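The values are calculated or read from the model by the stated rules, or taken from the named source; none is laboratory data. From a predicted model like this one, the values you see are computed outputs, not experimental measurements. With ideal geometry, Cβ positions are generated from the backbone for all residues, glycine too; neighbour counts draw on all protein chains shown. To get the accessible areas, we keep the full protein, side chains included, count just its heavy atoms, and leave off ligands, DNA and RNA. Shrake-Rupley method; radii C 1.70, N 1.55, O 1.52, S 1.80 Å.
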Amino acid sequence: MAANNKLILVLLSLLPIIIFSATATSSKDYDTKAYVHSWCRTTLYPKLCVRSMSRYVRSRAVQNPRDLARFALKASLYRAKYTKAFLLKEVKNLETTLRPQYYALVHDCLNQIRDSVNQLSLAIAELDRVSRRQGKSQGDLHWHINNLQTWTSTALTDAETCVSQFPGRRMSKLKATIKGKVKNVEETTSNALAFIEHYAAARYRARRP
């Protein structure tokens, strides 16, 4: 009986700590979510931005423009890789079904998305490099930022080029599916580019005397 009473007293003494910890975690999650939502409203596709960034909001804190840019790039790269895998499968299917009117179009789009994957991978690596080099000169910072913006813009152009090959609304199920998936890559990359612009502006402001 005495042992049970001691256990109860110990649990009661720990209760405020448990409640504080849970409240702090909940508050941190809310602050992170609010931060991401506020910045997503500045993009061209805010609803997509919130959806694509949600997995990163749940996994860790997003606290600054660098975090936003990196996670947005990762979200875009994830969609590009998924779309590349889908297109590769369709190209192989079209080879066996002998549908030349579709094969050339899908194959060309696959090449565009492959390039998007490469460019986004380069952009993420470049963002990591520029983030590590806090003490470099203004010229060095500008060079890294320019690379980051160029590679992301190229990835966006690749996706836009593929989407432009599927004009209008009346199209086959295959074309409509491809257009939808590539459009998703285009829009997530556009959002990532917006966050890169925010990050670049923040870095330049931080370097001003």
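When the residues of region 165-181 are narrowed to those that are in a helix (DSSP H, G or I) and surrounded by 15 or more Cβ atoms within 10 Å (Cβ to Cβ), which ends up modelled with the highest pLDDT? Lay out the reasoning, then the answer.
Keep residues of region 165-181 that are in a helix (DSSP H, G or I), which gives 173-181.
Next cut, surrounded by 15 or more Cβ atoms within 10 Å (Cβ to Cβ) only: 174-175, 178-179, 181.
On the way: 174: 85, 175: 87, 178: 92, 179: 92, 181: 95.
Checking each candidate, the answer is 181.
Which ones in region 126-159 are of a type in the set (Asp, Glu), surrounded by 15 or more Cβ atoms within 10 Å (Cβ to Cβ) and either closer than 30 Å to residue 205 by Cβ or modelled with pLDDT under 85 (or both)? Answer for region 126-159, where residues must be of a type in the set (Asp, Glu), surrounded by 15 or more Cβ atoms within 10 Å (Cβ to Cβ) and either closer than 30 Å to residue 205 by Cβ or modelled with pLDDT under 85 (or both): just 126.
Taken together, 68, 87 contain a single residue that is under 19 Å from residue 158 (Cβ atoms) and either at pLDDT 85 or above or open to solvent by less than 40 Å² (accessible area, probe 1.4 Å) (or both), which is 87.
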